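Enquirer: Input: one structure, supplied below.
Nothing in this text is a laboratory measurement; each read-out follows from the coordinates by a stated rule. The shown structure was predicted, so the numbers you read here are calculated from the model rather than taken from an experiment. Quick reminder, even Gly has a Cβ in these numbers, built from the backbone with ideal geometry, and neighbours come from all protein chains shown.
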Amino acid sequence: MSDRDYTEIMKIAFQAEGAINDEIRRKFGHTYQDKTIIIKEGDIGQQIFWILGGEVYITRREGTKYKVLNTVGKGELIGEMSFFDKSVRSATVISKGSVEALVFSKENFQDIFAASPQWTKRLLASLSSRIQFMIGKLNSLQH
């Protein structure tokens with residue numbers, strides 16, 4: 001990684017949304033059109049996505065269709081489980097309308113995560129929210 005790339009990664013680590021400018025968007029940004037598969041269930045992926053705008057469906061494949069488990073949007077991290085292990089993707093993530101995201105390699109995100117405690121909080125909040133959502137879904141199936 002070049003010194004310039006590392007500097008930009010550190011800006012994101014410490015300034016989060018405040019670091020986002022045209023240069024960051026050019027380097028790490030990606031726009032997904034409606035109904036684009038961003039993450040495919042079963043794939044091995046190392047990219048982590050930080051949603052800047054729009055929403056995505058978190059789905060599981062059932063036969064030839066996708067069942068929507070959740071919808072997440074701006075500020076959320078997706079693909080973060082690959083940060084912890086090399087397991088296959090557990091869900092398919094599909095854009096709901098146009099979606100803008102910053103896309104990080106595992107190494108880029110590791111630098112961000114290591115540099116600033118705010119990212120530990122973001123990651124834990126994201127995971128906690130998803131666990132609570134799934135517990136709610138499971139509880140509703142039992143009633």
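Enquirer: Go through (i) 15.5; (ii) 16.5; (iii) 15.9 and flag the label whose value is the computed Kirkwood radius over Cα pairs in Å for this structure.
Expert: Answer by label: (iii).
Enquirer: OK, next. In which sequence would Tyr6, Tyr32 go, from the one with the fewest C-beta neighbours within 10 Å to the one with the most?
Expert: Tyr6, Tyr32
Enquirer: Taking springs between alpha-carbon atoms closer than 10 angstrom, which of Asp34, Asp22, Asp43 fluctuates most in the Gaussian network model of the chain?
Expert: Asp22
Enquirer: Can I ask one more? Return the distance in nm (one decimal) between the two label points of a simple spin-label model at Glu23 and Glu107, each offset 7 Å from Cα along Cα→Cβ.
Expert: 2.1 nm
Enquirer: Follow-up question, since we're still on this one. From the phi of every residue in segment 23-34, what ³J(HN,Hα) in whole Hz does the Karplus formula 6.51 cos²θ - 1.76 cosθ + 1.60 yield, where θ is phi - 60° and glycine or proline is x?
Expert: Along segment 23-34, the couplings run 5, 5, 4, 5, 6, 10, x, 8, 10, 10, 6, 3 Hz.
Enquirer: Give me, ordered by chain and number, the residues 5 or more places off Ser98 or on other chains with an amide H under 5 Å from its own placed amide H.
Expert: Asp34
Enquirer: Quick one: check the C-alpha center-to-center distance for segment 19-51 versus segment 67-130, whole angstrom.
Expert: That distance is 10 Å.
Enquirer: I've got another one for you. With the cut-off at 24 Å, tell me which of the pairs Lys27/Lys74; Lys67/Lys121; Lys40/Lys65; Lys67/Lys137; Lys27/Lys65 have Cα atoms farther apart than that.
Expert: Lys67/Lys121; Lys27/Lys65
Enquirer: Could you work out how far helix 117-142 tilts from the main Cα principal axis of the chain, as a 0 to 90 degree angle to the nearest 10?
Expert: Its long axis makes an angle of about 10 degrees.
Enquirer: Can you compute the helix-only [θ] at 222 nm over the chain? Use -39500 (n - 2.57) per DSSP H run of at least 4 residues, normalise by all residues, nearest 500 deg cm²/dmol.
Expert: Estimated from H runs of four or more residues: -13000 deg cm²/dmol.
Enquirer: Further, regarding this structure: Nearest 10 degrees is fine. How inclined is helix 3-15 to the longest principal axis of the chain, computing both from alpha carbons?
Expert: 60 degrees
Enquirer: Hey, quick one: spin label on Lys137, modelled 7 Å out along Cα-Cβ, who in segment 36-69 has an amide N within reach, i.e. under 13 Å?
Expert: What the label zone holds, given the 13 Å backbone N cut-off, is 57-62, 66-69.
Enquirer: Output the 0 to 90 degree angle, nearest 10, between the alpha-carbon long axis of helix 106-115 and the longest principal axis computed from the alpha carbons of the chain.
Expert: Taking the Cα atoms of the chain, the angle to 106-115 is about 70 degrees.
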